[in-house]
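These notes are about the structure you will find just below.
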Amino acid sequence: MIAIGVLWWRADSSDTGGQARLPTHGDGPGRGSVLTYAPGAWVFRRRVISTVRRCRRHGSIRRQPQPPSVALVAKRGNANATAVRAVVRGGVQGVGFREAAVRRARRLGALGWVRNEEDGSVLVHAEGPEGTVEDLVAFLREGTPGARVTEVALERVKVEGHEQFAIRGVSAGAFVVQEHAATAHHFDLRLEVEGVMRSWAVPKGPSLDPAVKRLAVEVADHSIAHNAFEGEIGDGGVIVWDRGRYEQGGRVAWPQALERGHAVFVLHGEKLRGGFALQRTRPGEKPQWLLIKRRDEHARPGSDVVVERPQSVISGETLDELLRDD
Ligand code: MN
């Protein structure tokens, strides 16, 4: 039994390679033989892990009874990728469980995301090779020393093609939309990325209608210090039309998502809420993008929020009122 425990430890934490003797009992192939695994040798580690599992089922390791594994059958033939959504319930928030899940997922090579839900559960989307996803689910069931997992509800879902394992539902920084009367009237959407405000000039402004695609021309980064600026500039002026925090979403990590020309994010503003996408349509000197509201509970089909709510979220004045005031 102790040898198996060591096997588990080595299999789980060692990237240095080594040797391990498989248990002589059980029904697995190669039982009793010596495995040599090279540094980072994934195949061998996988075999060792599954051997430990088999032993567990034979009762060799005393553990709490585990619910039967969901049949993690690949939905599409693509490199036997599979995907699950797991709702983890129990004492799993505020105990480092989410961070531990991210570390484990990244070490296993699982892709997807984890998010703390308002009801106290932790929601995980995991995809990758079947064995990888199974290993992550096993980790979720075991929990961490500080976490008490009472239930893991699994649902098989579509593989989404994630390229990272991300923490969702956490702020990535500030966002602001400034309405700007200049030579041409426009709205500047700015998202905090790596210490600067990445900026797009949106002539017609943002929309909460998912059917509306608004042109957004990428413009120079602004400083975070400019976010709260309101007042006259030259012949025109600026009001802070909306502001708040935002989350980075999508399948690709930022800022790479922006470099590739497709960035998904969630706004928590006073007027703009929910998921949005920026899709680059024309690269070049002045890259052109489309700003699109994603379909979610914050979408308002048929609405025109820049017309309905023209006031500054700081002063309550409209841009016209600000310009008339002098
Ligand atoms: Mn501007």
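Listed values, structure above:
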| read-out | value |
| --- | --- |
| Every residue from segment 193-218 that is in contact (Cβ under 8 Å) with a residue 40 or more places away in the chain, assigned to a strand (DSSP E or B) and either farther than 20 Å from Arg309 by Cβ or within 10 Å of the ligand (Cβ to nearest atom) (or both) | Val193, Arg198, Trp200, Val202, Lys213, Leu215, Val217, Glu218 |
| Subset of segment 130-179 (residues that are over 19 Å from the mean Cα position of the chain (by Cα) and part of a strand (DSSP E or B)) | Arg148, Val149, Thr150, Glu151, Val152, Ala153, Val176, Val177, Gln178, Glu179 |
| Filter result for Val252 (within 16 Å of the ligand (Cβ to nearest atom) and either within 28 Å of Gly316 (Cβ to Cβ) or in a loop (DSSP other than H, G, I, E, B) (or both)) | no |
| Index of the failed condition, Asp221 passing every other in (1) touching a residue at least 40 places away in the same chain (Cβ under 8 Å); (2) away from the ligand (no atom under 11 Å from the Cβ); (3) farther than 18 Å from Leu267 by Cα; (4) not aliphatic (A, V, I, L, M) | (1) |
| Scan of segment 268-286 for residues that are assigned to a loop (DSSP other than H, G, I, E, B) and surrounded by 16 or more Cβ atoms within 10 Å (Cβ to Cβ), ordered by number | Lys271, Leu272 |
| Filter result (under 18 Å from Pro145 (Cα atoms) and aromatic (Phe, Trp, Tyr)) within segment 77-135 | Phe97 |
| Residue list for segment 224-236, filter: under 13 Å from Asp320 (Cα atoms) and within 11 Å of the ligand (Cβ to nearest atom) | Gly236 |
| Conditions (1) buried (at least 16 other Cβ atoms within 10 Å of the Cβ); (2) part of a helix (DSSP H, G or I); (3) charged (D, E, K, R); number of the one not met by Glu321 | (1) |
| Pairs with Cβ under 9 Å, 6+ apart, first in segment 308-326 and more than 16 Å from Ile233 (Cβ to Cβ), second assigned to a helix (DSSP H, G or I) | Pro310/Leu319; Pro310/Asp320; Gln311/Glu321 |
| Residue count, segment 106-120 (criterion: crowded, with 19+ Cβ neighbours inside 10 Å and either more than 21 Å from Ser171 (Cα to Cα) or more than 13 Å from the chain's Cα centre (by Cα) (or both)) | 2 |
| Number of the exception - Thr183 against (1) under 19 Å from the mean Cα position of the chain (by Cα); (2) more than 27 Å from Arg245 (Cβ to Cβ) | (1) |
| Long-range neighbours under 7 Å by Cβ, at least six apart or interchain, first residue farther than 14 Å from Phe165 by Cβ within segment 79-106, second among the aromatic types (Phe, Trp, Tyr) | none |
| Selection count where residues are crowded, with 21+ Cβ neighbours inside 10 Å and among the acidic types (Asp, Glu), scope segment 127-155 | 3 |
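Listed here are the residues, each with its yes/no results for (1) buried (at least 18 other Cβ atoms within 10 Å of the Cβ); (2) more than 21 Å from Arg103 (Cβ to Cβ); (3) away from the ligand (no atom under 15 Å from the Cβ).
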{"site": "Val157", "(1), (2), (3)": "no, yes, yes"}
{"site": "His162", "(1), (2), (3)": "yes, no, yes"}
{"site": "Phe165", "(1), (2), (3)": "yes, no, yes"}
{"site": "Val170", "(1), (2), (3)": "no, no, yes"}
{"site": "Gln178", "(1), (2), (3)": "yes, yes, no"}
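Read-outs: derived from the displayed coordinates by stated rules, not from any lab. For clarity, every value in this text was computed on a predicted model and none was experimentally measured. Quick reminder, even Gly has a Cβ in these numbers, built from the backbone with ideal geometry, and neighbours come from all protein chains shown.
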